[in-house]
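Notes follow the structure.
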Amino acid sequence: MLKTNKRTLILTSLLTLLPLCIGLYVWNQLPDPMATHFDLHGTANGYSSKPFAIFFLPLFLLGIQWFCIFITSADPRKQNISPKIFTLILWIIPIISLIMGVSVYAYNLGYSIPIETLSQILMGLLLLILGNYLPKTRQNYTIGIKLPWTLDNEENWNRTHRLAGFVWVIGGLAILLAALLHFHSLYFSLGVLILVGILPCIYSYWLHTH
């Protein structure tokens, strides 16, 4: 799996670290400390030192990316993980790193950045994309809704993931619509995430007991 994606792995790792290079380029223009955490209204409510923001955050995200790749490659059922889904895993963290890095730098350089809208759009797109892939996911121990009964029963796994794909797409569209309407509510976004996470699990358990 890693051998066939070596070039993509190198490219995505470099993309994950690109915000570090951008930070070094604008180092003298950035304040210290830097705003690195924001509330749902886009107001800074958390600060970090400049070295921490520029060096640690991209390196931390790179570590997360490599960890996800490692556990996916070590999955005993990795042959069930399609190349498209593995490619998606390779690209999610780099895109998040780039969007977060550019947004944080722009904010600290004095540009008006709609942090709350960007966060919702990113969340909605992730649900939308993952929802499209879930129904195509075969049984494995890394990606998907991994419950004892989904792992033991292939039909349960398939039916659960078809429902999950549907509700995740609907949830993603709902969050995207809220972002476009500038409805920035923590309770709404959390409610959608909890709902799309719980519904497939309840359905899966119902299948298991009937």
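The values are calculated or read from the model by the stated rules, or taken from the named source; none is laboratory data. These numbers come from a predicted model, not from an experiment. As a convention, Cβ positions derive from the backbone with ideal geometry for all residues, glycine included, and neighbour counts pool all protein chains shown.
Yes or no: residue 202 surrounded by fewer than 18 Cβ atoms within 10 Å (Cβ to Cβ), farther than 30 Å from residue 43 by Cα, more than 20 Å from the chain's Cα centre (by Cα) and of a type in the set (A, V, I, L, M)?
Yes: the conditions hold for residue 202.
So how many residues does the range 104-132 have that are in a helix (DSSP H, G or I) and farther than 22 Å from residue 190 by Cα?
The number of residues fulfilling the criteria is 5.
Name the residue that is nearest to residue 8 (Cα to Cα), counting only residues in the range 69-83 that are in a helix (DSSP H, G or I) and either in contact with a Cys (Cβ under 9 Å, 6 or more places away or on another chain) or free of Cβ contacts under 8 Å to residues at least 60 places away in the same chain (or both).
It comes out as 70.
Test residue 161 against the stated conditions and say whether it is in contact with a helix residue (DSSP H, G or I) (Cβ under 9 Å, 6 or more places away or on another chain), exposed (fewer than 15 other Cβ atoms within 10 Å of the Cβ) and of a type outside the set (A, V, I, L, M).
It is false that residue 161 is in contact with a helix residue (DSSP H, G or I) (Cβ under 9 Å, 6 or more places away or on another chain), exposed (fewer than 15 other Cβ atoms within 10 Å of the Cβ) and of a type outside the set (A, V, I, L, M).
Can you tell me which residue among 125, 176, 151, 88 is surrounded by fewer than 20 Cβ atoms within 10 Å (Cβ to Cβ), in the same structural domain as residue 194 (by TED's automatic domain parsing) and in contact with a Phe, Trp or Tyr (Cβ under 8 Å, 6 or more places away or on another chain)?
151
From the residues in the range 14-62 that are in contact (Cβ under 8 Å) with a residue 24 or more places away in the chain and β-branched (Val, Ile, Thr), which one is surrounded by the fewest Cβ atoms within 10 Å (Cβ to Cβ)?
Result: 26.
Which one of these does residue 13 not meet: (1) under 20 Å from residue 108 (Cα atoms); (2) of a type in the set (Gly, Ala, Ser); (3) out of contact with any Gly (no Cβ under 8 Å at 6 or more places or on another chain); (4) not in a strand (DSSP E or B)?
(1)
Got at least one residue in the range 139-146 being aromatic (Phe, Trp, Tyr), touching a residue at least 60 places away in the same chain (Cβ under 8 Å) and assigned by TED's automatic domain parsing to the domain that holds residue 203?
Yes, the range 139-146 has at least one match.
So which residues in the range 96-116 are closer than 18 Å to residue 39 by Cβ, in contact (Cβ under 8 Å) with a residue 40 or more places away in the chain and buried (at least 17 other Cβ atoms within 10 Å of the Cβ), if there are any at all?
Matches in the range 96-116: 100, 104, 107, 108, 113, 115, 116.
Checking the structure you have, find out if any residue of the range 184-193 is of a type in the set (Gly, Ala, Ser), surrounded by fewer than 17 Cβ atoms within 10 Å (Cβ to Cβ) and either in a helix (DSSP H, G or I) or at pLDDT below 95 (or both). Full working, then the answer.
To start, the set of residues in the range 184-193 that are of a type in the set (Gly, Ala, Ser) comprises 185, 189, 191.
Restricting the remaining residues to those that are surrounded by fewer than 17 Cβ atoms within 10 Å (Cβ to Cβ) gives 185, 191.
If we keep only those that are either in a helix (DSSP H, G or I) or at pLDDT below 95 (or both) too, we end up with 185, 191.
For the range 184-193, residues of a type in the set (Gly, Ala, Ser), surrounded by fewer than 17 Cβ atoms within 10 Å (Cβ to Cβ) and either in a helix (DSSP H, G or I) or at pLDDT below 95 (or both): present.
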